[in-house]
Amino acid sequence: MARKKIALIGAGMIGGTLAHLAAMRELGDIILFDIAEGIPQGKALDLSQCGPIDGFDAKLTGTNDYADIAGADVVIVTAGVPRKPGMSRDDLLGINLKVMKAVGAGIKEHCPNAFVICITNPLDAMVWALREFSGLPHNRVVGMAGVLDSARFATFLAQEFGVSVRDVNAFVLGGHGDTMVPVTSYTTISGIPLDDLVKMGRSTKERIDEIVKRTRGGGGEIVALLKTGSAYYAPATSAIAMAEAYLGDQKRILPCAVYVEGKYGLDGLYVGVPVVIGANGAEEIIEIALDDEAKKNLQVSVDAVKELLVACKGIDESLA
Ligand code: APR
């Protein structure tokens, strides 16, 4: 059987980390694509030279030509620019929408059967636009946010309770960013619901509320520390888990930004919900019962995503 082909669109901080992780785990041969000349080639060459030390056979290639992503099984998109000081949200949307248009066209032409994972922000709008521009079926285009957001939630909870991160099962819904909805009633530590642990006196509601707040601002906390960029290790690790679930037909239930139509009372937009990821991509959305507070918070999140979509349609008429 031929090796799988993983195309990484964007060879910046997350793109480079994705390439490293994908090579170490031998997910397949890796193509790093970027518009910046030399960067994908340089990173591919550097990473190739890890092979003899780590003992991986993955072939890494850098390119500025979309033709080289032909036949990719998985495409992970990080291309775009981050929000810079003085840039309005619409300025950022306008720039990254154009990037999604070019990337979508490249995928449509060269690898229309791929499973596509979008990471570019603002995530819930960009993954929607990428799907529109590429024309791929909705189940083959997903956004990475919930895996990262729940990993952040789990990290802080493990610290709070002094337990292994492996025993924490954190549950996050909604859009990526300030309006995400960490659902404490579905969050467990070794099967024990968080709310029960609070009742048992192991923590307090106030402390859990603080952790929820910190999780929501998790990306911003890292930007403030790094000063010159945003998080890349955990975002890349999250997307690799999603790619592995697809390539291995693992049927993992992961919180991802997927197209929701009907479930959760939604009428066709991308938002973070639990979904089964397997060989058919986003195979089945799991609809869980939400309490009134979670429902209200999810609505706030959905409204924020809808507002972004209206702005996108205003910027690019072909999306309207
Ligand atoms: N086509 C391909 N690559 C592009 C394009 C384009 N049209 N425009 C920009 N790029 C490339 C840049 O040249 C850069 O190498 O995208 C890369 C982005 O890398 P970084 O700036 O290092 O950003 P990174 O930290 O990797 O984050 C990427 O993910 O989490 C989100 O908010 C984050 O939207 C950002 C994205």
inquiry  = Just to be sure I understand, how many residues within the range 137-191 are assigned to a strand (DSSP E or B), under 16 Å from residue 269 (Cα atoms) and either acidic (Asp, Glu) or modelled with pLDDT under 95 (or both)?
reply    = 2
request  = Scan the range 99-127 and report the pairs whose first residue is under 21 Å from residue 236 (Cβ atoms) and of a type in the set (Val, Ile, Thr) and whose second residue is modelled with pLDDT under 95 and within 11 Å of the ligand (Cβ to nearest atom), with Cβ atoms within less than 8 Å and a gap of 6+ or a chain change.
outcome  = 99/81
key: Qualifying residue in the range 105-112 (condition: among the β-branched types (Val, Ile, Thr) and out of contact with any Ser or Thr (no Cβ under 7 Å at 6 or more places or on another chain))   = no
key: Residues that are part of a loop (DSSP other than H, G, I, E, B), surrounded by 24 or more Cβ atoms within 10 Å (Cβ to Cβ) and among the small types (Gly, Ala, Ser), drawn from the range 110-136   = 114
query = Within the range 72-109, how many residues turn out to be within 12 Å of the ligand (Cβ to nearest atom), assigned to a helix (DSSP H, G or I), of a type in the set (Gly, Ala, Ser) and touching a helix residue (DSSP H, G or I) at 6+ places or on another chain (Cβ under 7 Å)?
reply = 3
message = I'd like to verify a number: residues in the range 272-320 that are of a type in the set (S, T, N, Q) and part of a loop (DSSP other than H, G, I, E, B), how many?
response = 1
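Residues checked against (1) in contact (Cβ under 8 Å) with a residue 24 or more places away in the chain; (2) under 30 Å from residue 3 (Cβ atoms):
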residue	(1), (2)
220	no, no
226	no, no
256	yes, yes
281	yes, yes
302	yes, no
310	no, no
task = Please enumerate the residues belonging to the range 279-315 that are over 28 Å from residue 212 (Cα atoms) and of a type in the set (Val, Ile, Thr).
result = 310, 315
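To keep it simple, each residue is scored yes or no on (1) within 16 Å of the ligand (Cβ to nearest atom); (2) closer than 22 Å to residue 120 by Cβ; (3) at pLDDT 95 or above.
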residue	(1), (2), (3)
225	yes, yes, no
229	yes, yes, no
232	yes, yes, yes
239	yes, yes, yes
246	no, yes, yes
250	no, no, yes
254	no, yes, yes
270	yes, yes, yes
280	no, no, yes
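Residue by residue, here is whether (1) over 13 Å from residue 258 (Cβ atoms); (2) touching a strand residue (DSSP E or B) at 6+ places or on another chain (Cβ under 8 Å) holds:
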{"residue": "105", "(1), (2)": "yes, no"}
{"residue": "128", "(1), (2)": "no, yes"}
{"residue": "139", "(1), (2)": "no, yes"}
{"residue": "150", "(1), (2)": "yes, yes"}
{"residue": "156", "(1), (2)": "yes, no"}
{"residue": "164", "(1), (2)": "yes, no"}
request  = Show the residue pairs that are 6+ apart or on different chains and have beta-carbon atoms under 6 Å apart, the first residue being within the range 151-174 and at negative phi, the second being basic (Lys, Arg).
outcome  = 156/214
request  = Give me a count of the residues in the range 228-252 that are in a helix (DSSP H, G or I) and without any contact (Cβ under 8 Å) to a residue 60 or more places away in the chain.
outcome  = 1
task = Among what's in the range 5-56 and is among the charged types (D, E, K, R) and either surrounded by 19 or more Cβ atoms within 10 Å (Cβ to Cβ) or within 16 Å of the ligand (Cβ to nearest atom) (or both), pick the residue that is nearest to residue 111 (Cα to Cα).
result = 5
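The values are calculated or read from the model by the stated rules, or taken from the named source; none is laboratory data. Remember, it's a predicted structure, so these values are computed and weren't measured experimentally. Glycine also receives a Cβ, built like all others from the backbone with ideal geometry; neighbour counts cover every protein chain displayed.
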